[in-house]
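The values are calculated or read from the model by the stated rules, or taken from the named source; none is laboratory data. Model, not experiment: these values are computed from the prediction. Backbone-built Cβ (ideal geometry, glycine too); neighbour counts: all protein chains shown. The accessibility values were calculated without ligands, DNA or RNA, using every heavy atom of the protein model including side chains. Shrake-Rupley method; radii C 1.70, N 1.55, O 1.52, S 1.80 Å.
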Amino acid sequence: MDATPDGRPIPPLQADERATLEGWLDFHRATLALKCAGLDDRQARLAPVAPSGMTLLGLVQHLAEVERNWFQRVSAGQDVPPVHEADNPDGFTLTPDRGLDQALARWQTEVARSRELTAGAALDATGKLSEQEAGHAGGQGVSLRWILVHLIEEYARHNGHADLIREAIDGATGA
């Protein structure tokens, strides 16, 4: 079986390091998409887990920013603007004119670009953190391996948030 019953790709049980890391990242990306499936824009904007203002729409926007930052800016060294508004660097802020379908399409574009940029790169390839990020991490050089592990944990953490938000919206559980 290559996929779970809900269609998410199963990470390989026995593979090399790169296939394992990419498999888990793809699994978590698919989990986020699954948590948003079947929701309308009103539901995606709900922040039902008080006191948090976190929404599924905000999570999708945030993870588009995360993909762009780590793979384009840090790993590839590109100077690219924020995915969304300049005054919304983390992506969590909602705007009236952006719905879930648009945010998901933008996130998927960022995921596709991330895959392009990492396709031939060695796991030991080193990217450069911003000065602010380096201050938190204790250095500027970061390997693609570290970035992939970080993105797996970032998605896993936010998918836990998405589980709670989705259950509060319509009772959907699992995955």
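Details
- Summed over the range 118-143, residues that are surrounded by 15 or more Cβ atoms within 10 Å (Cβ to Cβ) and within 21 Å of Ala30 (Cβ to Cβ) total 1.
- Residues that are within 30 Å of Ala37 (Cβ to Cβ), without any contact (Cβ under 8 Å) to a residue 24 or more places away in the chain and part of a loop (DSSP other than H, G, I, E, B), drawn from the range 97-120: Asp97, Ala119
- Cross-chain or 6+ apart pairs with Cβ under 9 Å, the range 1-21 first and more than 22 Å from Thr118 (Cβ to Cβ) and open to solvent by 50 Å² or more (accessible area, probe 1.4 Å), then modelled with pLDDT under 95 and not acidic (Asp, Glu): Met1/Ile10; Asp6/Gly174; Asp6/Ala175
- When Pro96, Pro82, Pro51 are screened for being surrounded by 15 or more Cβ atoms within 10 Å (Cβ to Cβ) and at pLDDT below 95, only Pro82 passes.
- Subset tally (residues that are basic (Lys, Arg) and touching a helix residue (DSSP H, G or I) at 6+ places or on another chain (Cβ under 6 Å)) for the range 151-169: 1
- Filter result (of a type in the set (S, T, N, Q) and over 24 Å from Ile147 (Cα atoms)) within the range 1-43: Thr4, Gln43
- Any hit, the range 61-76, residues being of a type in the set (A, V, I, L, M), at pLDDT 95 or above and open to solvent by 20 Å² or more (accessible area, probe 1.4 Å): yes
- Residue among Leu94, Leu123 that is closer than 20 Å to Gly53 by Cα and in a loop (DSSP other than H, G, I, E, B): Leu94
- The range 30-48, residues that are without any contact (Cβ under 8 Å) to a residue 40 or more places away in the chain, farther than 30 Å from Ala125 by Cα and either of a type in the set (A, V, I, L, M) or open to solvent by less than 50 Å² (accessible area, probe 1.4 Å) (or both): Ala37
- Looking only at the range 53-77, residues that are assigned to a loop (DSSP other than H, G, I, E, B) and touching a residue at least 40 places away in the same chain (Cβ under 8 Å) come to 4 in all.
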